[in-house]
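The structure appears below as structure tokens.
Bear in mind that the values in this text are calculations on the coordinates, not laboratory data. Values in this document were obtained by computation on a predicted structure and should not be read as measured data. Cβ atoms come from the backbone with ideal geometry, glycine included; neighbour counts cover every protein chain shown.
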């Protein structure tokens, strides 16, 4: 296998950080990464700003996907340095996106460059660097996943501190509408939609679904927005409230939507049902091998492109998830090198 140049790893990450790539605006970084990977003798396919490389050993072999995302969120207030000018302090590398998820991107690129030379592999390997992960955009992973062929297993690179997430929460956002009847306050001749909404919100607070998750616990329902009324002397006929639901692997999104519709008097509309909770059998060979290597397994509260991959998957990468979307984001350089070693050791001799 090809020896990995650590300085080249860090140099690539710095170049990635220096190219602004907010979600939906990744074109410049996508072009740079395509040219860089092609300079290593690897063919790259592209759709929108998504890039992927294939190393197919045999059509009868299973296919493993390495996936991470190139986009970042907009820099928040509070940065004490230029977020696009990477800085090193000891073993720490600072910059927007170094942890979420630049460290995983470079670790997976160098893992792929290493594994592509292993012709003894019993699996095909695809590297996908996707766009629009932070916004769950339609031109992100959903626009290309169907062009990769059948995926049998995926490793998603996100900042997990090199622990392995064997499941992660899904997300459903519901717009709910309580309906009443308008009338003059003085005559009390209406039906107050705000009071009806409050009644339903109280029901949401008492929801306790039976199927809990070993790693994720119960499904979380949170009312996060409410809007109703026109003026002080008119009984409101409509009140809208928003419910943010973080699901576990024991319920489908369709089941959760049906439960909420049956529990509430308000009209309930899901914005989307596509962001599903992910889960892999804890007896899957990859999970068992991870435990043999001393990798801790857990359930992730945060969502990723893992929700959109139609195959068993885990989430594993360098960096600290607590630093995501914060000012002065940083990553430990040693974790990036260890991530490459972990990816290679997980895949080496894997069947």
So for 33, 293, 171, fewest C-beta neighbours within 10 Å to most, what's the order?
293, 171, 33
Footprinting exposure proxy for 100, 5 (fewest neighbouring C-beta atoms within 10 Å first)
5, 100
Computed over the chain: longest principal axis from alpha-carbon atoms vs helix 333-347 long axis, angle to nearest 10 degrees, is 80 degrees
In deg cm²/dmol, rounded to the nearest 500, the helical mean residue ellipticity at 222 nm of the chain, built from -39500 (n - 2.57) for every DSSP H run of length 4 or more, is -7500 deg cm²/dmol
In whole Å, how far is the Cα centre of the stretch 194-258 from that of the stretch 276-351?
31 Å
Label residue 198 and residue 242 with points 7 Å out from Cα along Cα→Cβ: what is the distance between them in nm?
2.3 nm
At 7 Å along Cα-to-Cβ for each site, give me the label-to-label distance between residue 118 and residue 45 in nm.
2.3 nm
Determine the principal axes of the Cα atoms in the chain, then give the extent along each, sorted from largest to smallest and rounded to whole angstroms.
82, 45, 34
First measure r as the distance between the Cβ atoms of residue 222 and residue 77, then evaluate 1/(1 + (r/R0)^6) with R0 = 30 Å and state the FRET efficiency to the nearest 0.05.
0.75
Residues of the stretch 254-280 with the amide nitrogen closer than 13 Å to a label point 7 Å from the Cα of residue 207, along Cα-to-Cβ, please.
254-271
Can you tell me which of 27, 147, 249 moves the most in a GNM of the chain? Springs connect C-alpha atoms under 10 Å apart.
147
Kirkwood Rh, Cα atoms: Rg over Rh of the stretch 66-184:
1.13
Place a point 7 Å from the Cα of residue 234 along the Cα-to-Cβ direction; which residues of the stretch 178-214 have their backbone N under 13 Å from it?
181-185
Among DSSP beta bridges whose residues both lie in the chain, state the antiparallel percentage, nearest 5.
70 percent
Relative contact order of the chain, please, whole-number percent, based on alpha carbon pairs below 8 angstrom and at least 6 residues apart.
25 percent
Give me the angle, in degrees from 0 to 90, between the Cα long axis of helix 6-17 and the longest principal axis of the Cα atoms of the chain, rounded to the nearest 10.
30 degrees
If the viscosity is 0.692 mPa s and the temperature 37 °C, what Stokes-Einstein diffusion coefficient in µm²/s follows for the stretch 271-351 when Rh is the Kirkwood radius over Cα pairs?
224 µm²/s
Computed Kirkwood radius, in angstrom, where 1/r is averaged over Cα pairs of the stretch 170-270
14.4 Å
How tilted is helix 27-38 with respect to the longest principal axis of the chain? Cα atoms for both, answer in degrees (0 to 90, nearest 10).
30 degrees
Hey, in the GNM for the chain with a 10 angstrom Cα cutoff, which one of 230, 61, 84 fluctuates hardest?
230
Gaussian network model of the chain, Cα within-10 Å springs - most flexible of 92, 13, 127:
92
Taking the stretch 170-270 and dividing mean pair separation by its residue count, relative contact order in percent (alpha carbons under 8 Å, at least six apart)
42 percent
Rg and Dmax of the stretch 207-351, Cα atoms, in Å?
20.6, 73
